[in-house]
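Asks: Have a look at this one.
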Amino acid sequence: MAQFRYLRYFTKRYPLTVTGAVIIFLVVMVSLAAPLVSPHNPYTLNLTDRLKPPGSIYLLGTDELGRDILSRIIYGARLSLLAGVGIVGIAGLFGIVIGSVSGLLGGKVDQAVMRLMDIMLAFPSLVLALALSAALGANFRNSILAIAIVKIPVYVRLVRGQALSIKERQFVKAAQTFGAPKVWIISRHIIPNCLAPVVVQATLGIGEAILIAATLSFIGLGAQPPAAEWGAMVSMGRIYLLDQWWYASFPGIAIFITVIGFNLFGDGVRDMLDPRFRN
Amino acid sequence: MSQLLIVLLGVSLVTFLVSHVVPGDPARMLLGQRADAQTLENLRHVMGLDKPVWLQYFDYLGGLLQGDLGISIRSQRPVLSELLTYFPATIELTLFAMGFAVISGVGLGLLSAAYRDTPIDHGTRVLAILGVSTPLFWLGLMVLLLFYKHLGWLPGSGRLDSFINPPTQITGLYVLDSILTGDWVALKSSILHLVLPTICLGYIQLATIARLVRASMIEVLEQDYIKTALANGIPRYRIIYRHALRNALIPTVTLIGLTFGELLGGAILTETIFTWPGMGKYVVDSISFLDFPAIMGFTILVATIYVIINMVVDLLYPILDPQIKG
């Protein structure tokens with residue numbers, strides 16, 4: 001009962017954050033239960049039911065091969081979540097390692113690393129992601145890798161800044177006096193102490209990551225047919241836009257809602273953990 | 001200036017890595033999987049791929065300095081000259097989107113700072129979250145569906161109606177050229193064609209600008225000199241426009257440089273959706289032809305423009321804010 005009251009208080013105090021959390025929860029649930037909740041098989045062709053408008057059999061209509069759009073959106077949640085979490089996961093991991101090493105070592109290594117990061121940030125992110133993903137070869141995995149690489153500098157800068165201040169703290173100085181190896185200091189002191197801001201940044205970054213992944217799929221560099229991926233579905237639906245509006249519309253709404261969920265939640269997490277952003 | 005050169009050198013290093021090292025075998029990438037060994041070997045030699053990597057980089061850099069961005073696979077023409085034919089269309093769209101985003105973004109930011117915690121303020125907050133969450137490519141399609149198909153208010157593709165001749169080329173920006181040549185028919189048509197792509201492209205950035213202006217305005221409004229002005233009985237609107245706004249706009253200038261990069265990136269999508277004949281549409285078309293030199297040429301050109309714009313913004317900064325010495 002007490003927990004319920006707390007939940008109610010929380011919902012009242014942070015309505016947007018809770019809305020975000022609920023959206024994320026629903027999307028995760030739907031993607032996990034995809035085989036149970038999707039009314040049709042997302043890959044089964046049914047040429048007699050091509051481009052059917054939304055109706056009682058196909059709630060959101062069908063595509064040009066007669067596949068059920070609702071079922072494909074449900075399965076698409078898996079790919080988008082995978083993309084979002086995969087991108088911030090890879091970028092965060094590399095960011096933590098590179099940033100903490102660079103911050104701790106300082107000097108020439110640090111300078112070189114930071115210059116490289118500055119140069120990567122000199123590209124508009126979508127443009128660099130596009131070029132990298134084209135160079136790696138157009139598929140879903142490579143598009144995730146490309147976006148993750150483009151996002152690494154964000155985490156490197158964040159972690160390095162943290163590492164610079166942590167390495168001046170007493171406990172690190174003490175460890176150094178006792179002759180602790182650098183690997184030990186990085187893994188036992190620096191990384192654990194800079195995780196909180198990385199988690200906040202990662203939470204905030206998932207929405208954007210999902211958006212860029214869908215964008216690359218839309219322009220043909222991400223998930224390839226017949227994958228049920230939201231951006232790719234909008235891309236195909238574009239051909240039929242003026243006569244079969246539902247095809248491009250619904251997968252786009254799915255992206256929109258999911259990204260809003262992550263952005264609301266991410267904003268809320270940041271506000272709660274960082275008092276500077278309150279109000 | 002030397003800093004600009006270092007960054008541009010860095011940019012060339014990154015594009016070199018992406019185009020020569022990441023793909024593993026650029027020659028194979030150009031010729032496709034079915035090419036025979038001899039042709040492959042010949043091309044590797046012609047492209048200098050049998051040389052050490054650092055030598056390849058110098059060749060590449062030398063080429064870039066002479067404006068050599070490679071040959072397009074699709075058209076067999078130099079990539080640079082292809083890009084330059086599409087360049088004015090992209091710049092026109094980007095400038096309009098920028099104008100739209102900055103004017104309405106600053107306006108909204110100002111309103112929400114002046115009317116803090118009122119429905120106006122909450123409204124821009126919602127708009128900001130929607131702005132960063134909307135897939136630009138989907139927004140474009142929805143706008144097209146509503147304003148072009150259902151309402152029929154505005155054209156949905158191209159830069160001019162098909163029966164109108166483009167204005168005499170001076171800058172390549174149709175709006176400017178038709179004003180300069182007094183071609184009012186083309187002017188009307190080109191402005192109408194700009195409306196939808198401009199709004200779509202600018203909308204995503206509008207919210208970011210509005211939030212920044214709001215934050216920096218609120219910070220300024222809490223300064224002592226504002227309180228002094230208030231205590232002296234100067235009317236509130238006058239304080240906002242004469243005292244606060246000027247100081248609050250300084251951080252926004254930096255954002256404008258950054259926004260330009262985002263807009264150039266966004267142009268890829270907007271141009272594709274609205275069949276706007278610019279560099280963005282060109283690069284997306286190149287993707288389906290696996291025209292890698294074209295993709296890389298676009299990347300280099302956009303990064304260079306982006307770096308230069310940000311450098312110009314940095315130079316403007318001390319002029320706008322005398323407290324900062326350049």
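Asks: Of all helices (runs of 4 or more DSSP H) completely enclosed by region B:223-326, which ones contain at least 1 residues that are modelled with pLDDT of 80 or more and within 14 Å of chain A (Cβ to nearest Cβ)?
Replies: Where helices (runs of 4 or more DSSP H) fall fully within region B:223-326 and carry at least 1 residues being modelled with pLDDT of 80 or more and within 14 Å of chain A (Cβ to nearest Cβ), they are B:245-273, B:279-288, B:292-320.
Asks: Out of region B:304-316, which residues are hydrophobic (A, V, I, L, M, F, W, C) and either open to solvent by 50 Å² or more (accessible area, probe 1.4 Å) or closer than 12 Å to B:Leu4 by Cα (or both)?
Replies: Across region B:304-316, the qualifying residues are B:Ile305, B:Val307, B:Ile308, B:Ile309, B:Met311, B:Val312, B:Leu315, B:Leu316.
Asks: Going by the conditions given, is A:Ile98 more than 26 Å from A:Met233 (Cα to Cα) and open to solvent by 50 Å² or more (accessible area, probe 1.4 Å)? Outline the logic, then answer.
Replies: On the way: more than 26 Å from A:Met233 (Cα to Cα): yes; open to solvent by 50 Å² or more (accessible area, probe 1.4 Å): yes.
The answer is yes for A:Ile98.
Asks: Here is a further query. Conditions first: (1) farther than 26 Å from A:Pro15 by Cβ; (2) within 14 Å of chain A (Cβ to nearest Cβ). B:Ala101 passes all but one, so which condition is the exception?
Replies: The failed condition is (2).
Asks: Here are some conditions: (1) within 11 Å of another protein chain (Cβ to nearest Cβ); (2) open to solvent by 40 Å² or more (accessible area, probe 1.4 Å); (3) of a type outside the set (A, V, I, L, M). A:Thr177 meets all but one. Which one does it not meet?
Replies: Single failed check for A:Thr177: (1).
Asks: Related question: Answer yes or no: is there a residue in region B:82-97 that is at negative phi, among the β-branched types (Val, Ile, Thr), in the same structural domain as B:Thr252 (by TED's automatic domain parsing) and at pLDDT below 90.
Replies: Checked against the condition, which is being at negative phi, among the β-branched types (Val, Ile, Thr), in the same structural domain as B:Thr252 (by TED's automatic domain parsing) and at pLDDT below 90, region B:82-97 yields no hits at all.
Asks: Please go through region B:119-174 and give me each residue that is within 14 Å of chain A (Cβ to nearest Cβ), part of a loop (DSSP other than H, G, I, E, B) and open to solvent by 40 Å² or more (accessible area, probe 1.4 Å), ordered by number.
Replies: Correct list: B:Leu151, B:Gly152, B:Ser157.
Asks: State yes or no: is B:Ile240 surrounded by fewer than 19 Cβ atoms within 10 Å (Cβ to Cβ) and in the same structural domain as B:Ile199 (by TED's automatic domain parsing)?
Replies: In short, yes.
Asks: Also, I was wondering about something else. For the condition hydrophobic (A, V, I, L, M, F, W, C), open to solvent by 60 Å² or more (accessible area, probe 1.4 Å), farther than 20 Å from A:Val234 by Cβ and without any contact (Cβ under 8 Å) to a residue 24 or more places away in the chain, what is the one hit in A:Val109, A:Val85?
Replies: It is A:Val109.
Asks: Touching a Ser or Thr at 6+ places or on another chain (Cβ under 9 Å) and either outside the structural domain of B:Gly261 (by TED's automatic domain parsing) or basic (Lys, Arg) (or both): which single residue out of B:Arg125, B:Arg77 fits that description?
Replies: B:Arg125
Asks: So which helices (runs of 4 or more DSSP H) are wholly in region B:1-67 and hold at least 1 residues that are closer than 23 Å to A:Ala138 by Cα?
Replies: B:2-16, B:26-31, B:37-47
Asks: Only residues that are on the phi > 0 side of the Ramachandran plot and either open to solvent by 40 Å² or more (accessible area, probe 1.4 Å) or free of Cβ contacts under 8 Å to residues at least 24 places away in the same chain (or both): list them for region A:46-77, please. Break it down into steps so the answer makes sense when it comes.
Replies: First, pick out the residues of region A:46-77 that are on the phi > 0 side of the Ramachandran plot: A:51, A:61, A:66.
Hit for region A:46-77 is A:Gly66, nothing else.
Asks: Now for a different question. Given the criteria at pLDDT below 95, within 14 Å of chain B (Cβ to nearest Cβ) and open to solvent by less than 30 Å² (accessible area, probe 1.4 Å), does A:Leu242 qualify?
Replies: No; evaluated as a whole, the condition is false for this residue.
Asks: Return the residues of region B:219-235 that are under 13 Å from B:Arg116 (Cβ atoms) and surrounded by fewer than 18 Cβ atoms within 10 Å (Cβ to Cβ); say none if nothing qualifies.
Replies: Answer for region B:219-235, where residues must be under 13 Å from B:Arg116 (Cβ atoms) and surrounded by fewer than 18 Cβ atoms within 10 Å (Cβ to Cβ): B:Glu219, B:Glu222.
The values are calculated or read from the model by the stated rules, or taken from the named source; none is laboratory data. Source: prediction; values computed, not measured. Backbone-built Cβ (ideal geometry, glycine too); neighbour counts: all protein chains shown. Areas reflect the complete protein model, heavy atoms only, side chains present, ligands, DNA and RNA absent. Shrake-Rupley method; radii C 1.70, N 1.55, O 1.52, S 1.80 Å.
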